[in-house]
Amino acid sequence: MAMAIKELQPQPTSPVQSCWRKIVTPLPVPASVPLIERLRAAEPVSTSGMPPILWHEAEGFLVRDPFGNQWIDLTSGIVVANTGHAHPSIRAAIHRAADKPLLATYSFPSKERLLLLEKLASLAPLPDAKAILFSSGTEANECAIMLMRRHGQRISPDKVGILSFEGCYHGRTLGAGLSSGTSQPTDWIQRERVKHFQIPFPLGPLCPWGCSRDTPCDESCFDRCIDELAQRDIRPEDIAGIIVEPVPGWATYPMPAAYASALSAWARENDILVCFDEVQSGCGRSGRFFAFEHVGIVPDLITLGKGLSSSLPVSAVLGPRSLMDQPAPGDMSSTHGGNPLCAAAALANLAVIEDENLVEASDRTGRLVLEEVKQLQQEFPQHMLSVHGRGLFISVHFTRPESGKPDTALADAIVHEAVRRGVLMFVTGRGFLKISPPLNIEPEAVLEAIGVIRGCFLELKDQPA
Ligand SMILES: Cc1ncc(COP(=O)(O)O)c(C=O)c1O
């Protein structure tokens, strides 16, 4: 793809000037290249791969570099800034907290932590809910996995297995990595040796049992998964819990209700817990506060992160007292979990989501965007495997017309070209575009960005990879 900015070689751009987008330099900006090169020398290559623009300011749904360029942000960071970047209420709350001589409290009693925990417990539709705070989504998932394994062990020493789903992502540490179904994080672990098992996510076009774009997976697909596990000698008595994204970040497609209901019934019958990882899909992203509201079942445990603060590192596990109180005092805590600044940021963020009706905004604006992108799919069905989304959580999966395989080169090239035209997306490397702007983005701005994506697609779709 000739147009992709893959290297740090500045390429001329056509000037862009709209109400929101401004491109006034070649990209990458020549003056930014030495700094980006220093970053590349200082960091492992694993952190490169995003378009080489120098973030200087991010405010609302706009990202700016220090050279006069400005982008409409469809990333929200990486699905973090649900209330927009640097929301004034969140900045003010952080300022207030930072001005007080109290910057770390560990698990000693503190009012800041209490207020956030009570708020979270009130949001969770769980009986007798408690919450615990961490810094990253990964840590929250590790904690949930630990709680599920402890629960299983109370029933039988062998009941420690965890079931997760291909394609989903839960983090990079051992337990979270084992749960992730993306190939990269787990090729260094032998999953089944530590009783970790995976089944396909029920997405019609990828269903191994013949469902399709038009016939969604249902309870029979779940039954087939369980039969296959049994054939591999994996029994429900070996399984303590299931971890899954109810609307996975890669598919942005809710687990079908019939499938979810079969899963929930099987889990209940067999004393298996269900944890919904809402680190990415939660806090209004999907047009509901919790994405599992699209799925029709309530889990035993919920993990949150990212959009919980829209800013500083905060994550949480929510669950009923009976599960949360399994570890003894001192056995489940985190040095920085509930840090006063982070707790203040999260509380302010949750207030903004409510005060600005951002769950509804996500649903409303998301519908407009989905309609627009589906239109493109109808025009070019041979290039698009699927376009899915709930709220402002939308993905566009490209396929190569001749092979039906994911068209990673096209998706990534569109990202790079869109950046040159003032629209910011991240490179997924998995053949899809993710549209996940701040929930308070102006509808006209996101529709303008979709117009830019359309232009990039039309120009790049027939170029050789
Ligand atoms: C669904 C999901 N779970 C967990 C994580 C891990 O969160 P973190 O990167 O904060 O550890 C992510 C991050 O992308 C995620 O999308």
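Since every read-out is calculated from the coordinates, none of them should be taken as a lab result. Treat the numbers as computed from the prediction; the structure is a model and nothing was measured. Positions of Cβ are generated from backbone atoms using ideal geometry, with glycine treated the same way; all protein chains shown enter the neighbour counts.
Taking every DSSP helix (H) stretch of at least 4 residues in the chain, weighting each as -39,500 (n - 2.57) and dividing the sum by the residue count yields a mean residue ellipticity at 222 nm of -11000 deg cm²/dmol. Modelled label positions at GLU379 and SER403, each set 7 Å beyond Cα in the direction of Cβ, lie 2.7 nm from each other. Around the amide H of LYS130, modelled in the peptide plane, lie the amide H atoms of GLY319, ARG321, all under 5 Å away and 5 or more residues distant in sequence or on another chain. For VAL274, the residues 5 or more places off, or on other chains, whose built amide H falls under 5 Å of its own are ILE242, ASP300, LEU301. The mean of 1/r over all distinct Cα pairs in the range 89-355, once inverted, gives the Kirkwood hydrodynamic radius of 18.9 Å. Within the chain, CYS19, CYS143, CYS168, CYS225, CYS275, CYS283, CYS342, CYS456 have no other Cys Cβ under 4.7 Å of their Cβ and so lack a disulfide-compatible partner by this rule. Projecting each Cα onto the charge dipole of the range 30-73 (Lys/Arg +1, Asp/Glu -1 at the beta carbon, about the Cα centre), which of LEU39, MET50, ILE72 comes out farthest on the positive side? Result: LEU39, furthest along the dipole toward the positive end. Histogrammed with a bin width of 20 Å, the alpha carbon distances of the chain distribute as 24, 57, 19, 0 percent, first bin at zero.
For the range 360-406, what is the charge dipole size about the Cα centre, in debye to the nearest 20, if Lys and Arg each add +1 at the Cβ and Asp and Glu each add -1 at the Cβ?
Here the range 360-406 has a charge dipole of around 140 debye.
Evaluated on the range 82-221, the Kirkwood hydrodynamic radius is 18.8 Å, with distances taken between all distinct Cα atoms. Restricting the calculation to Cα atoms, the range 328-425 yields a radius of gyration followed by a Dmax of 20.0, 59 Å. Ordering ALA93, PHE398, ALA240 by the projection of their Cα atoms onto the charge dipole of the chain, which places +1 on the Cβ of Lys and Arg and -1 on the Cβ of Asp and Glu, puts ALA93 at the extreme positive end. A Förster distance of 25 Å, applied to the separation of the beta-carbon atoms of ASP128 and SER333, puts the FRET efficiency at 0.75. Normalised by the number of residues in the chain, the mean separation of alpha-carbon contacts (under 8 Å, six or more apart) gives a relative contact order of 22 percent. What you get for the chain, charging only the Cβ of Lys and Arg (+1) and of Asp and Glu (-1), is a dipole of about 760 debye around the Cα centre.
Under 17 Å of direct C-alpha separation, and excluding same-chain neighbours fewer than eight residues apart, LYS195 reaches these lysines: LYS159. For the range 29-49, the residues whose amide N sits under 19 Å from a probe point set 7 Å from the Cα of GLU7 along the beta carbon direction are 29-41, 45, 48-49.
Estimated from the Cβ-Cβ distance and a Förster radius of 22 angstrom, the FRET efficiency linking GLN231 and ASP158 is about 0.75. Could you tell me which of GLY287, THR303, CYS275 has its Cα farthest along the dipole of the range 256-321 towards the positive end, charges placed at Cβ (Lys, Arg +1; Asp, Glu -1), taken about the Cα centre? So the residue we want is GLY287. Annotation: amide H of SER386 within the under-5 Å range of HIS397, sequence separation 5 or more or interchain, hydrogens built in the peptide plane.
When +1 charges are put on Lys and Arg Cβ atoms and -1 charges on Asp and Glu Cβ atoms, the dipole computed for the range 89-355 relative to its Cα centre reaches about 820 debye. Placing one identical point scatterer on every Cα of the range 1-116 and ignoring solvent, what is log10 I(q)/I(0) from the Debye formula at q = 0.09, 0.16, 0.20, 0.22 Å⁻¹? Log10 of I(q)/I(0), two decimals: -0.38, -0.91, -1.16, -1.28. Which entries of LYS130/LYS306; LYS100/LYS130; LYS306/LYS434 have Cα-Cα distances beyond 25 Å here? The pairs that break the limit, which is 25 Å between Cα atoms, are LYS100/LYS130. In terms of other Cβ atoms within 10 Å, ILE23, ILE234 run from fewest to most in the order ILE234, ILE23.
Counted residue by residue at 0.36 nm each, then reduced by the alpha carbon distance between them, the extension gain from THR173 to LYS111 reaches 19.3 nm.
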